[in-house]
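Quick notes on the structure that follows.
The values are calculated or read from the model by the stated rules, or taken from the named source; none is laboratory data. These figures come from a predicted structure and were not determined experimentally. With ideal geometry, Cβ positions are generated from the backbone for all residues, glycine too; neighbour counts draw on all protein chains shown. What goes into the accessible areas is simple: the full protein's heavy atoms, side chains included, and nothing from ligands, DNA or RNA. Shrake-Rupley method; radii C 1.70, N 1.55, O 1.52, S 1.80 Å.
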Amino acid sequence: MIDLSIKALEVTFPGLATPALSIDEFRLAAGGKLAVTGASGSGKSTLVNILTGLERPRTGAVRWGGTDIASLSESRRDRWRGETIGLVMQDFYLFEGLSALDNILLPARLARAATAEMTERARELLRIVGLSRPEQKVETMSRGEMQRVAVARAVVRRPAVIIADEPTASLDSESGAQVADLIMTLAEREGSTLIVVSHDPALIGRFDKRIRLVGGRIAAETIEAAA
Amino acid sequence: MIRFILADLNRFRLGAFFIAAIVALAVALGVAVTLQERALRLGSARAAEKFDLIVGAAGSETQLVLSSVFLQPSALPLMPGKVLSDLEADPRVAWAAPIGFGDFFGSSPIVGTTTTLVKNISAGVSEGAVFAREGEAVIGADVMLPMGATVKPMHGTLGEGGHTHTELAYTVVGRLKPTGSAWDKAILVPIKAVWDIHGLGHHHDDGDADEHDHDHAAADQNAAKPAGTEMAEHHDGHDDHDEHDHHAIDPNEAINEQWQGELPGLPAVVVKPKSIADAYKLRQQYRKDATLAVFPAEVLTKLYATLGDVKKVLSAVAGGAQLLVGAALILVIVMHIGQRRKQIGALRAFGAPREAVFGIVWLELFGLVAAGVVAGIGLGYLAARVIAARLAADSGFHMPVSFAAEDGGALALLLLAAACLCLLPAIIAYRQPPASALRG
Ligand SMILES: Nc1ncnc2c1ncn2[C@@H]1O[C@H](COP(=O)(O)OP(=O)(O)OP(=O)(O)O)[C@@H](O)[C@H]1O
Ligand SMILES: [Mg+2]
């Protein structure tokens, strides 16, 4: 469980007049839960890339639990991301030809971080997300099932932070609700900090802290009293 | 990692197969050229090793060697028979033996010679015995004839419009152990029989030079009857060709290799000198006037010098093919990596280190290429074997197809080059920024 602090962050792309993202100051407490909304092109995915260290911020600081990820080398950031961030994306990015179980464990194995205990945990997670056949090849699964495998993959290494970019956007409302439920429950159970980018009102409604991006800036920050 | 690579290869198995197959073909080409050239060199050196020195009539050195060592049919000029008796009497000579060609049985050349040569050319008989009578023959290891078979000599081969001799038919009495040379396909008979059949070397009282036209003009393989050679005397033969008034040859006549009288002209004499110094002296002595003396090994070396250039050209072609294949593959692979940017980006987004991405791409590619290289070596070896086997079936000339220690170095170099080439796509994948890959 780590907290997030953003200071004077500005992300510009060549050919773009205004910065794709510009955040003076933002904080999220450890274990906090945040929903990010905004129109298409408002900088949501850019924010996700910055927060996960997939993109290195050139100006400003992004600190996760005191670590300025801009100061990490590309390789160090890869390792840090593997250990710290669990990512769920709109496209599932499961690897065909591998079973559900192997898909969950693949990044950990490639990082040489997989253990027998983690394999056990992967099996348990498959049960939790409601999949009974760990050896089923992912290409034979429905979209909802695939996203549930992706959710299990995101949390298998017990990441301190779970980040999801439109996790329900490519699902029908029923499987979307199921996946949203799972993300919320698992983050709750592990005590992970959770950031979800979404257009889905049903999902957004479950967060008490929300920000809305407009043109790369935080236009509105809503904090509702805990229900 | 291995499991991921295997799953990935399985997904793209058709492409993977073609990559490996193309690599294999390119490698096989080079391997076959190398192996074949070496086999030819070793095989002919082995075939020539029994023939220290060959003396023949002045003419082409290469032709003399090809005709005597490889039994290649050709019209060798003849030298006086006296050369043989002189050589046999020479103190520097361990043994000397004549060889006479011209007749065939099927595709097997019938070679007239002496028991001395038969005993020296092979490690003895595997069945039966060496000929002892004029009508007996001993066959090379690859001649498909049973013991006791009858061999009717034909002058020239059928394809050349030769005709069958009726004067004498040989009986197979023995089979030689394999020599790995063209002599394995030969039928060896007493030289005396060859002379007799061709009406040479008889000194009869009524030597009235009854000009016997043997009707060889069309198929004369060995210019068997140079002007001035004493012609046979013809008894009344049993055959019905009245103009072919052959004298009868007694197949049961025991052979006598202590020559008497004047010997007929000979195409070649195989000489075993007593020492190397003797060999050089003999060669010098017989390189004068009407005779020619050669070391077959030396003549072959000269031939290889020419062949070496051919090999260089072939090797360059094979090398060029490999280079082109390598370049084309790298291009295809780099394009493929480009198409899979998203997947590679995703691997890193979910926590795989970029070093793992590098390792996957490199290992997957190198595995494919290495599999192709190994398959290519097998394929090339197989091709060389097939070519050698067909040649052996045609000529009896065996070419030992084998790998040498130096091939290990070449293989290592090839794999190293492949490993380096595979680095390029791996580096591209390694350096690819994950965020932009995931976008769009
Ligand atoms: N690599 C890049 N080069 C140039 N422009 C970029 C790049 N990446 C993002 N942008 C621009 O930055 C802006 C924000 O993009 P981003 O993907 O963050 O939007 P988004 O809020 O995720 O949109 P959506 O809801 O459609 O996913 C867009 O105008 C986009 O065109
Ligand atoms: Mg987006």
Fill in the blank from the handout: Beyond 28 Å (Cα-Cα) in this structure, taken from B:50/B:185; B:288/B:312; B:274/B:312; B:192/B:274; B:177/B:274, we find B:288/B:312; B:274/B:312
Fill in the blank from the handout: Contour minus Cα-Cα span, residue B:339 to residue B:46, at 0.36 nm per residue, comes to 99.9 nm
Handout entry: Partner chain coverage, peptide B:351-363 - average Cβ within 10 angstrom
Key = 5
Exercise for the section: Compute the separation of the alpha-carbon centres of the range B:1-61 and the range B:253-283 and state it in Å as a whole number. Expected result: 41
Handout entry: Accessible area (Å², per residue) of chain B, counting only protein heavy atoms and a probe of 1.4 Å
Key = 46
Handout entry: Leading residue at positive end of dipole, chain A (Cβ point charges), from A:113, A:125, A:23
Key = A:113
Practice task
Calculate the mean, over all residues of peptide A:89-95, of how many other protein chain Cβ atoms lie within 10 angstrom of the residue's Cβ.
Solution key: 4
Handout entry: Ordering of B:413-420, B:82-89, A:12-19 by packing [mean C-beta count within 10 Å, highest first]
Key = B:82-89, B:413-420, A:12-19
Practice task
Could you pull out every one of the lysines with an alpha carbon less than 25 Å from that of residue A:44, ignoring same-chain neighbours closer than 8 positions?
Solution key: A:7, A:33, A:209, B:342
Problem - Accessible area per residue in Å² at 1.4 Å probe, computed on chain A - result: 43
Exercise for the section: Evaluate the distance, in nm, between pseudo-label points positioned 7 Å from the Cα of residue A:17 and of residue B:120 along their respective Cα→Cβ axes. Expected result: 10.3
Exercise for the section: Keeping the other protein chains in place, figure out the carbon and sulfur percent of the accessible area of chain B, with a 1.4 Å probe. Expected result: 63
Handout entry: Selection of GluC sites (Glu not before Pro), the range A:100-201, meeting DSSP coil and at most 11 other Cβ within 10 Å
Key = A:135
Practice task
Determine, at each q value in 0.07 (inverse angstroms), the log₁₀ of I(q)/I(0) that the Debye formula gives when each Cα of chain B is one equal point scatterer.
Solution key: -0.51
Fill in the blank from the handout: For chain B, the helices passing both cut-offs (Cα extent along own axis of 20 Å or more, Kyte-Doolittle mean at least -1.0, full DSSP H runs) are B:13-48, B:296-339, B:354-395, B:405-431
Fill in the blank from the handout: The relative contact order of chain B, taking Cα pairs under 8 Å that sit 6 or more residues apart, comes to a percentage of 27
Practice task
Determine the dipole magnitude for the range B:309-440: charges of +1 sit on the beta-carbon of Lys and Arg, -1 on that of Asp and Glu, nothing else is charged, the reference point is the Cα centre, and the result goes in debye to the nearest 20.
Solution key: 680
Handout entry: For the range B:348-382 and the range A:57-94, distance of Cα centres in Å
Key = 29
Handout entry: Only Lys, Arg (+1) and Asp, Glu (-1) charged, at Cβ; the protein assembly as shown dipole about Cα centre in debye
Key = 6780
Problem - Heavy atoms of residue B:262: accessible area, 1.4 Å probe, square angstrom to 10 - result: 130
Handout entry: Estimated buried accessible area (total), pair A and B, 1.4 Å, Å² to nearest 100
Key = 2400
Fill in the blank from the handout: Given the candidates B:388, B:23, B:399, the one whose Cα lies deepest towards the positive end of the charge dipole of chain B, counting +1 at each Lys or Arg C-beta and -1 at each Asp or Glu C-beta, is B:23
Handout entry: Rh by Kirkwood over Cα pairs, then Stokes-Einstein D for the range B:352-405 at 0.692 mPa s and 37 °C, µm²/s
Key = 236
Practice task
Determine, from the Cβ-Cβ distance of residue B:132 and residue B:72 and an R0 of 45 Å, the FRET efficiency 1/(1 + (r/R0)^6), rounded to the nearest 0.05.
Solution key: 0.95
Fill in the blank from the handout: Answer in debye to the nearest 20: the dipole magnitude of chain B about its Cα centre, from +1 Lys/Arg and -1 Asp/Glu charges placed on Cβ, is 5520
Exercise for the section: Would you mind pulling out the separation of the Cα centroids of the range B:89-159 and the range A:115-140, in Å? Expected result: 80
Problem - Average Cα contact separation per residue, chain A, under 8 Å, 6 or more apart, as relative contact order % - result: 28
Handout entry: Area accessible to solvent at residue B:358, 1.4 Å probe radius, in Å²
Key = 60
Practice task
Evaluate the distance, in nm, between pseudo-label points positioned 7 Å from the Cα of residue B:306 and of residue B:417 along their respective Cα→Cβ axes.
Solution key: 3.0
Practice task
Calculate the mean, over all residues of peptide A:106-114, of how many other protein chain Cβ atoms lie within 10 angstrom of the residue's Cβ.
Solution key: 6
Handout entry: R0 of 51 Å, Cβ-Cβ distance residue B:403-residue A:124: FRET efficiency to nearest 0.05
Key = 0.40
Handout entry: 12 Å reach of a label modelled at residue B:424, 7 Å along Cα-to-Cβ, counting backbone N of the range B:324-349
Key = B:324-335
